[in-house]
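The values are calculated or read from the model by the stated rules, or taken from the named source; none is laboratory data. Bear in mind the structure is a predicted one, so any value in this text is a computation, not a measurement. No Cβ is skipped: glycine too gets one built from the backbone with ideal geometry, and neighbour counts run over all protein chains shown. SASA here: full protein model, heavy atoms, side chains in, ligands and nucleic acids out. Shrake-Rupley method; radii C 1.70, N 1.55, O 1.52, S 1.80 Å.
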Amino acid sequence: MRTMQSDYMHWAKFKSPVRYPLTGSEVPHFRMDSLPISIADFDLDGASHPRYRPLRERIASRYDVTPEQVVAADGTSMANFLAMAALISPGDEVLIEHPTYELLIGAASFLGAEIKRFERKGADGFRLDPDQVVSMLSERTRLIILTNLHNPTSVLAEEAELRAIGELARRMGARVLIDEVYLDSAVPPRPSAAHLGPEFVCTNSLTKVYGLSGLRCGWILAEPKLAERMWRLNDLFGVNQAHPAERLACLAFENIDQVIGDNPAMFARNRAMFNDFVADRSDLECAAAKHGITAFPRWNGGDTERLDAHLRERYDASVVPGRWFEMPDHFRVGFGLSTPEFKEALNRVGAALDDLK
Ligand SMILES: Cc1ncc(COP(=O)(O)O)c(C=O)c1O
(Lines give C-alpha, C1' and ligand atoms only; values in the text may rest on other atoms or scores of the structure.)
Protein backbone atom coordinates (compact mmCIF):
# COMPACT_ATOMS: atom_id res chain seq x y z
CA MET A 1 0.00 0.00 0.00
CA ARG A 2 1.45 3.35 -0.96
CA THR A 3 1.78 5.99 1.75
CA MET A 4 -0.98 8.63 1.69
CA GLN A 5 -0.01 10.64 4.79
CA SER A 6 2.86 11.36 7.17
CA ASP A 7 2.06 10.43 10.75
CA TYR A 8 5.32 12.02 11.88
CA MET A 9 4.54 15.40 10.26
CA HIS A 10 1.04 15.28 11.69
CA TRP A 11 2.49 14.66 15.14
CA ALA A 12 5.10 17.40 14.66
CA LYS A 13 2.43 19.92 13.66
CA PHE A 14 -0.26 19.11 16.22
CA LYS A 15 1.54 17.88 19.38
CA SER A 16 0.67 20.01 22.39
CA PRO A 17 3.11 22.89 22.94
CA VAL A 18 5.47 22.94 25.95
CA ARG A 19 7.64 25.66 27.51
CA TYR A 20 10.96 23.87 26.82
CA PRO A 21 10.68 22.01 23.51
CA LEU A 22 13.75 20.09 22.39
CA THR A 23 11.68 18.75 19.49
CA GLY A 24 12.54 21.55 17.04
CA SER A 25 15.30 21.24 14.48
CA GLU A 26 15.69 24.83 13.34
CA VAL A 27 17.06 28.11 14.62
CA PRO A 28 14.75 30.73 16.15
CA HIS A 29 12.77 32.50 13.43
CA PHE A 30 14.56 35.39 11.77
CA ARG A 31 12.58 38.63 11.70
CA MET A 32 12.41 39.92 8.12
CA ASP A 33 11.44 43.37 9.37
CA SER A 34 15.01 43.79 10.62
CA LEU A 35 16.03 44.04 6.92
CA PRO A 36 15.59 47.16 4.77
CA ILE A 37 12.24 46.15 3.26
CA SER A 38 10.07 48.52 1.25
CA ILE A 39 6.53 48.04 0.03
CA ALA A 40 7.94 47.64 -3.51
CA ASP A 41 9.45 44.35 -2.35
CA PHE A 42 5.91 42.99 -2.26
CA ASP A 43 5.01 44.22 -5.74
CA LEU A 44 3.13 41.46 -7.52
CA ASP A 45 4.30 42.66 -10.94
CA GLY A 46 6.37 39.77 -12.18
CA ALA A 47 4.37 37.05 -10.49
CA SER A 48 3.83 35.51 -13.87
CA HIS A 49 7.50 35.72 -14.85
CA PRO A 50 8.50 32.11 -15.01
CA ARG A 51 11.49 30.73 -13.09
CA TYR A 52 12.17 34.03 -11.32
CA ARG A 53 15.73 34.63 -12.44
CA PRO A 54 16.98 36.89 -9.61
CA LEU A 55 16.29 34.17 -7.03
CA ARG A 56 17.85 31.42 -9.15
CA GLU A 57 20.94 33.61 -9.52
CA ARG A 58 21.24 34.23 -5.81
CA ILE A 59 20.91 30.54 -4.96
CA ALA A 60 23.38 29.65 -7.74
CA SER A 61 25.87 32.23 -6.52
CA ARG A 62 25.73 31.10 -2.87
CA TYR A 63 26.16 27.41 -3.79
CA ASP A 64 28.64 28.04 -6.61
CA VAL A 65 26.62 26.42 -9.41
CA THR A 66 25.06 27.85 -12.58
CA PRO A 67 21.45 29.18 -12.52
CA GLU A 68 20.63 26.37 -15.00
CA GLN A 69 21.32 23.85 -12.21
CA VAL A 70 18.80 25.44 -9.82
CA VAL A 71 15.12 24.45 -9.56
CA ALA A 72 12.87 26.36 -7.13
CA ALA A 73 10.42 24.52 -4.87
CA ASP A 74 8.25 25.13 -1.81
CA GLY A 75 10.72 24.27 0.94
CA THR A 76 12.99 21.24 1.03
CA SER A 77 9.80 19.21 1.39
CA MET A 78 8.56 19.99 -2.11
CA ALA A 79 12.12 19.95 -3.43
CA ASN A 80 12.43 16.33 -2.25
CA PHE A 81 9.05 15.40 -3.67
CA LEU A 82 9.66 17.09 -7.01
CA ALA A 83 13.12 15.52 -7.34
CA MET A 84 11.71 12.08 -6.57
CA ALA A 85 8.74 12.58 -8.89
CA ALA A 86 11.18 13.33 -11.72
CA LEU A 87 13.40 10.35 -10.91
CA ILE A 88 11.06 7.54 -9.81
CA SER A 89 8.64 5.54 -11.94
CA PRO A 90 6.17 3.15 -10.25
CA GLY A 91 7.92 -0.14 -9.43
CA ASP A 92 11.45 1.34 -9.43
CA GLU A 93 13.72 0.17 -6.67
CA VAL A 94 14.79 2.97 -4.34
CA LEU A 95 17.38 2.55 -1.60
CA ILE A 96 16.93 4.77 1.50
CA GLU A 97 19.14 5.08 4.58
CA HIS A 98 17.94 3.78 7.95
CA PRO A 99 17.30 5.66 10.23
CA THR A 100 16.04 8.65 8.27
CA TYR A 101 13.50 11.48 8.00
CA GLU A 102 10.16 9.71 7.64
CA LEU A 103 8.88 11.90 4.79
CA LEU A 104 11.59 10.66 2.43
CA ILE A 105 10.20 7.16 2.75
CA GLY A 106 6.62 8.44 2.51
CA ALA A 107 7.22 10.41 -0.71
CA ALA A 108 9.03 7.50 -2.40
CA SER A 109 6.24 5.14 -1.37
CA PHE A 110 3.55 7.53 -2.63
CA LEU A 111 5.31 7.58 -6.00
CA GLY A 112 5.11 3.80 -6.21
CA ALA A 113 8.75 2.94 -5.46
CA GLU A 114 9.78 -0.45 -4.19
CA ILE A 115 11.69 0.65 -1.10
CA LYS A 116 14.80 -1.02 0.27
CA ARG A 117 16.90 0.23 3.16
CA PHE A 118 20.62 0.37 3.96
CA GLU A 119 21.90 0.73 7.50
CA ARG A 120 23.68 3.61 9.15
CA LYS A 121 24.78 1.60 12.16
CA GLY A 122 24.65 3.06 15.65
CA ALA A 123 27.65 0.91 16.59
CA ASP A 124 29.53 2.60 13.76
CA GLY A 125 28.57 6.13 14.84
CA PHE A 126 25.78 6.24 12.17
CA ARG A 127 28.42 6.99 9.55
CA LEU A 128 27.59 6.69 5.86
CA ASP A 129 29.23 3.40 4.88
CA PRO A 130 29.39 2.72 1.12
CA ASP A 131 29.70 -1.03 1.89
CA GLN A 132 26.23 -0.96 3.45
CA VAL A 133 24.90 0.62 0.25
CA VAL A 134 26.67 -2.04 -1.87
CA SER A 135 25.11 -4.81 0.20
CA MET A 136 21.58 -3.65 -0.70
CA LEU A 137 22.15 -2.41 -4.25
CA SER A 138 20.73 -4.25 -7.26
CA GLU A 139 20.63 -3.56 -10.98
CA ARG A 140 17.06 -2.41 -10.46
CA THR A 141 18.12 0.38 -8.07
CA ARG A 142 17.24 3.70 -9.70
CA LEU A 143 17.78 6.06 -6.78
CA ILE A 144 19.75 6.17 -3.51
CA ILE A 145 18.38 8.61 -0.92
CA LEU A 146 20.12 10.00 2.14
CA THR A 147 20.41 13.08 4.33
CA ASN A 148 23.61 15.08 4.92
CA LEU A 149 23.92 16.15 7.65
CA HIS A 150 22.11 13.02 8.76
CA ASN A 151 18.67 13.53 10.29
CA PRO A 152 18.39 12.56 13.17
CA THR A 153 22.09 12.24 14.22
CA SER A 154 23.73 15.22 12.41
CA VAL A 155 26.62 12.95 11.37
CA LEU A 156 28.50 14.45 8.43
CA ALA A 157 29.06 12.26 5.36
CA GLU A 158 32.65 12.70 4.19
CA GLU A 159 33.39 13.56 0.58
CA ALA A 160 35.16 10.21 -0.01
CA GLU A 161 32.05 8.30 1.14
CA LEU A 162 29.81 10.40 -1.09
CA ARG A 163 32.11 9.93 -4.08
CA ALA A 164 32.13 6.15 -3.53
CA ILE A 165 28.32 6.10 -3.49
CA GLY A 166 28.21 8.35 -6.58
CA GLU A 167 30.48 5.90 -8.39
CA LEU A 168 28.20 2.98 -7.47
CA ALA A 169 25.18 4.90 -8.74
CA ARG A 170 26.93 5.87 -11.97
CA ARG A 171 27.73 2.22 -12.73
CA MET A 172 24.06 1.30 -12.23
CA GLY A 173 22.71 4.28 -14.18
CA ALA A 174 21.12 5.44 -10.91
CA ARG A 175 21.14 8.80 -9.11
CA VAL A 176 21.84 9.91 -5.56
CA LEU A 177 19.36 12.27 -3.90
CA ILE A 178 20.82 14.07 -0.89
CA ASP A 179 18.65 16.17 1.40
CA GLU A 180 21.13 18.86 2.51
CA VAL A 181 18.75 20.95 4.59
CA TYR A 182 21.14 20.74 7.57
CA LEU A 183 24.44 20.85 5.65
CA ASP A 184 24.98 24.57 6.15
CA SER A 185 25.29 23.90 9.88
CA ALA A 186 28.36 21.64 9.41
CA VAL A 187 31.50 22.91 11.16
CA PRO A 188 33.07 24.33 9.05
CA PRO A 189 30.35 24.54 6.34
CA ARG A 190 30.84 22.06 3.47
CA PRO A 191 30.03 22.46 -0.23
CA SER A 192 26.97 20.75 -1.68
CA ALA A 193 27.48 17.28 -3.18
CA ALA A 194 26.07 18.80 -6.40
CA HIS A 195 29.75 19.51 -7.18
CA LEU A 196 30.69 15.83 -7.11
CA GLY A 197 29.10 14.84 -10.43
CA PRO A 198 25.91 14.75 -12.50
CA GLU A 199 24.49 11.75 -10.63
CA PHE A 200 24.02 13.89 -7.52
CA VAL A 201 20.75 15.72 -6.94
CA CYS A 202 20.71 17.91 -3.82
CA THR A 203 17.91 19.69 -1.98
CA ASN A 204 17.97 22.51 0.55
CA SER A 205 16.01 25.54 1.78
CA LEU A 206 16.15 28.67 3.94
CA THR A 207 14.34 26.75 6.68
CA LYS A 208 16.53 25.03 9.27
CA VAL A 209 19.78 26.95 9.40
CA TYR A 210 18.36 30.36 8.46
CA GLY A 211 15.15 30.53 10.51
CA LEU A 212 13.05 31.42 7.46
CA SER A 213 10.74 28.41 7.18
CA GLY A 214 7.81 30.78 6.57
CA LEU A 215 9.22 31.82 3.19
CA ARG A 216 9.05 28.23 1.89
CA CYS A 217 12.13 29.02 -0.17
CA GLY A 218 13.52 25.63 -1.21
CA TRP A 219 15.54 24.43 -4.18
CA ILE A 220 17.05 21.48 -6.00
CA LEU A 221 20.55 21.49 -7.49
CA ALA A 222 20.82 19.09 -10.43
CA GLU A 223 22.55 18.82 -13.81
CA PRO A 224 20.88 21.24 -16.28
CA LYS A 225 18.93 18.66 -18.35
CA LEU A 226 17.46 17.05 -15.27
CA ALA A 227 16.78 20.49 -13.77
CA GLU A 228 14.82 21.41 -16.90
CA ARG A 229 12.78 18.19 -16.56
CA MET A 230 11.95 19.15 -12.98
CA TRP A 231 10.85 22.68 -13.91
CA ARG A 232 8.55 21.19 -16.54
CA LEU A 233 7.15 18.63 -14.10
CA ASN A 234 6.54 21.33 -11.50
CA ASP A 235 4.05 22.90 -13.92
CA LEU A 236 1.80 19.99 -12.94
CA PHE A 237 2.11 20.84 -9.24
CA GLY A 238 2.38 24.56 -8.49
CA VAL A 239 3.38 26.34 -11.72
CA ASN A 240 5.07 29.28 -9.90
CA GLN A 241 6.22 30.18 -6.41
CA ALA A 242 4.42 32.91 -4.44
CA HIS A 243 6.06 36.05 -5.82
CA PRO A 244 6.30 38.14 -2.61
CA ALA A 245 8.09 35.16 -1.02
CA GLU A 246 10.53 35.05 -3.95
CA ARG A 247 11.28 38.74 -3.47
CA LEU A 248 11.79 38.32 0.27
CA ALA A 249 14.04 35.30 -0.32
CA CYS A 250 16.22 37.47 -2.61
CA LEU A 251 16.48 40.01 0.20
CA ALA A 252 17.45 37.28 2.64
CA PHE A 253 20.25 36.10 0.33
CA GLU A 254 21.47 39.69 -0.10
CA ASN A 255 21.71 40.00 3.70
CA ILE A 256 22.68 36.42 4.46
CA ASP A 257 25.30 37.26 7.12
CA GLN A 258 22.72 39.21 9.08
CA VAL A 259 20.24 36.32 8.68
CA ILE A 260 22.81 33.82 10.00
CA GLY A 261 23.79 36.18 12.85
CA ASP A 262 24.86 34.50 16.08
CA ASN A 263 23.42 31.08 15.19
CA PRO A 264 26.74 29.24 14.62
CA ALA A 265 28.04 30.46 18.01
CA MET A 266 24.76 29.44 19.67
CA PHE A 267 25.00 25.94 18.16
CA ALA A 268 28.60 25.63 19.35
CA ARG A 269 27.62 26.57 22.94
CA ASN A 270 24.60 24.27 22.95
CA ARG A 271 26.51 21.33 21.46
CA ALA A 272 29.26 21.70 24.08
CA MET A 273 26.63 21.80 26.85
CA PHE A 274 24.89 18.74 25.41
CA ASN A 275 28.18 16.82 25.17
CA ASP A 276 28.93 17.56 28.86
CA PHE A 277 25.41 16.50 29.79
CA VAL A 278 25.74 13.12 28.02
CA ALA A 279 29.25 12.53 29.40
CA ASP A 280 27.84 12.84 32.95
CA ARG A 281 25.06 10.29 32.43
CA SER A 282 25.55 6.54 32.45
CA ASP A 283 22.03 5.97 31.07
CA LEU A 284 22.75 7.79 27.77
CA GLU A 285 25.00 6.92 24.86
CA CYS A 286 25.83 9.38 22.13
CA ALA A 287 28.92 10.29 20.11
CA ALA A 288 30.01 13.87 20.80
CA ALA A 289 27.95 16.32 18.73
CA LYS A 290 30.27 18.11 16.27
CA HIS A 291 27.91 19.45 13.62
CA GLY A 292 24.35 20.44 13.05
CA ILE A 293 21.19 21.20 14.96
CA THR A 294 20.23 17.78 16.34
CA ALA A 295 21.62 14.79 18.23
CA PHE A 296 20.18 11.32 18.72
CA PRO A 297 21.21 9.73 22.04
CA ARG A 298 20.34 6.17 23.05
CA TRP A 299 18.63 5.70 26.43
CA ASN A 300 19.12 2.47 28.35
CA GLY A 301 15.59 2.76 29.81
CA GLY A 302 13.69 1.38 26.79
CA ASP A 303 11.06 3.14 24.69
CA THR A 304 11.58 6.92 24.78
CA GLU A 305 7.84 7.57 24.33
CA ARG A 306 7.84 7.08 28.10
CA LEU A 307 10.52 9.73 28.55
CA ASP A 308 8.69 12.24 26.33
CA ALA A 309 5.37 11.60 28.10
CA HIS A 310 7.00 12.11 31.52
CA LEU A 311 8.80 15.26 30.34
CA ARG A 312 5.52 16.71 29.09
CA GLU A 313 3.56 15.75 32.18
CA ARG A 314 6.01 16.81 34.88
CA TYR A 315 8.53 19.20 33.33
CA ASP A 316 6.77 21.17 30.55
CA ALA A 317 9.48 19.95 28.15
CA SER A 318 9.68 17.49 25.25
CA VAL A 319 11.97 15.47 22.97
CA VAL A 320 11.26 13.58 19.73
CA PRO A 321 10.69 9.91 20.58
CA GLY A 322 12.94 7.63 18.53
CA ARG A 323 10.02 5.66 17.14
CA TRP A 324 9.62 8.43 14.56
CA PHE A 325 13.03 7.37 13.28
CA GLU A 326 12.31 3.63 13.65
CA MET A 327 14.61 3.42 16.71
CA PRO A 328 12.39 3.59 19.84
CA ASP A 329 15.25 3.43 22.38
CA HIS A 330 16.75 6.68 21.03
CA PHE A 331 15.40 10.22 21.16
CA ARG A 332 16.18 13.37 19.18
CA VAL A 333 17.26 16.62 20.79
CA GLY A 334 17.38 19.95 18.89
CA PHE A 335 19.99 22.66 19.57
CA GLY A 336 17.95 25.57 18.20
CA LEU A 337 16.95 27.18 21.53
CA SER A 338 18.73 30.18 23.05
CA THR A 339 21.50 28.89 25.30
CA PRO A 340 19.78 29.74 28.64
CA GLU A 341 16.58 28.01 27.45
CA PHE A 342 18.55 25.05 26.15
CA LYS A 343 20.32 24.72 29.50
CA GLU A 344 17.03 24.71 31.36
CA ALA A 345 15.54 22.19 28.90
CA LEU A 346 18.51 19.85 29.46
CA ASN A 347 18.15 20.20 33.25
CA ARG A 348 14.58 19.06 32.89
CA VAL A 349 15.56 16.08 30.71
CA GLY A 350 18.09 15.15 33.40
CA ALA A 351 15.43 15.32 36.12
CA ALA A 352 13.02 13.21 34.06
CA LEU A 353 15.69 10.60 33.36
CA ASP A 354 16.47 10.44 37.10
CA ASP A 355 12.78 9.90 37.90
CA LEU A 356 12.56 7.03 35.41
CA LYS A 357 15.69 5.18 36.61
C1 LIG B 1 15.67 16.16 6.47
C2 LIG B 1 14.59 17.18 6.33
N3 LIG B 1 14.22 17.58 5.11
C4 LIG B 1 13.27 18.51 4.92
C5 LIG B 1 12.61 19.09 5.99
C6 LIG B 1 11.56 20.12 5.73
O7 LIG B 1 12.17 21.30 5.26
P8 LIG B 1 11.29 22.52 4.70
O9 LIG B 1 10.62 23.17 5.87
O10 LIG B 1 12.28 23.41 4.02
O11 LIG B 1 10.29 21.96 3.75
C12 LIG B 1 12.94 18.68 7.29
C13 LIG B 1 12.22 19.24 8.46
O14 LIG B 1 12.18 18.66 9.52
C15 LIG B 1 13.97 17.72 7.47
O16 LIG B 1 14.33 17.32 8.69
Next on the checklist: So Pro67 ticks every box in (1) touching a residue at least 40 places away in the same chain (Cβ under 8 Å); (2) crowded, with 16+ Cβ neighbours inside 10 Å; (3) touching a Lys or Arg at 6+ places or on another chain (Cβ under 8 Å) but one. Which box is left unticked?
Outcome noted: (1)
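Please state which one of Arg62, Arg120 is basic (Lys, Arg), within 16 Å of the ligand (Cβ to nearest atom), buried (at least 19 other Cβ atoms within 10 Å of the Cβ) and at pLDDT 95 or above. Reasoning before the result, please.
Values: Arg62 fails: buried (at least 19 other Cβ atoms within 10 Å of the Cβ).
Every option except Arg120 fails the conditions.
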Checklist entry - Is region 138-147 home to any residue that is surrounded by 23 or more Cβ atoms within 10 Å (Cβ to Cβ) and over 19 Å from the mean Cα position of the chain (by Cα)? => result no
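Which ranges mark the helices (runs of 4 or more DSSP H) fully within region 1-106 that have 3 or more residues being among the aromatic types (Phe, Trp, Tyr) and more than 20 Å from Val259 (Cβ to Cβ)?
Working: elements: 7-14, 53-63, 75-87.
Once the helices (runs of 4 or more DSSP H) in region 1-106 are filtered for at least 3 residues that are among the aromatic types (Phe, Trp, Tyr) and more than 20 Å from Val259 (Cβ to Cβ), what remains is 7-14.
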Item to check | Residue list for region 172-227, restricted to those being open to solvent by 20 Å² or more (accessible area, probe 1.4 Å), within 16 Å of the ligand (Cβ to nearest atom), in a helix (DSSP H, G or I) and touching a strand residue (DSSP E or B) at 6+ places or on another chain (Cβ under 9 Å) | outcome: Asp184, Ser213, Leu215
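Can you tell me which of Ser77, Ser89 is within 16 Å of the ligand (Cβ to nearest atom), closer than 30 Å to His10 by Cα, modelled with pLDDT of 95 or more and open to solvent by 20 Å² or more (accessible area, probe 1.4 Å)? Don't jump to the end; show me each part of the working.
Numbers: Ser89 fails: within 16 Å of the ligand (Cβ to nearest atom).
Of Ser77, Ser89, the one residue that is within 16 Å of the ligand (Cβ to nearest atom), closer than 30 Å to His10 by Cα, modelled with pLDDT of 95 or more and open to solvent by 20 Å² or more (accessible area, probe 1.4 Å) is Ser77.
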Checklist entry - Just wondering, is there one or more residues in region 237-244 that are over 28 Å from His29 (Cα atoms) and either away from the ligand (no atom under 16 Å from the Cβ) or surrounded by fewer than 16 Cβ atoms within 10 Å (Cβ to Cβ) (or both)? => result no
Checklist entry - What tally of residues in region 19-53 results from selecting those that are hydrophobic (A, V, I, L, M, F, W, C) and open to solvent by 50 Å² or more (accessible area, probe 1.4 Å)? => result 5
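Test His243 against the criterion of being at pLDDT below 95 and of a type outside the set (A, V, I, L, M, F, W, C), and give yes or no. It would help to see each step written out before you state the result.
Working: at pLDDT below 95: yes; of a type outside the set (A, V, I, L, M, F, W, C): yes.
Yes, satisfied.
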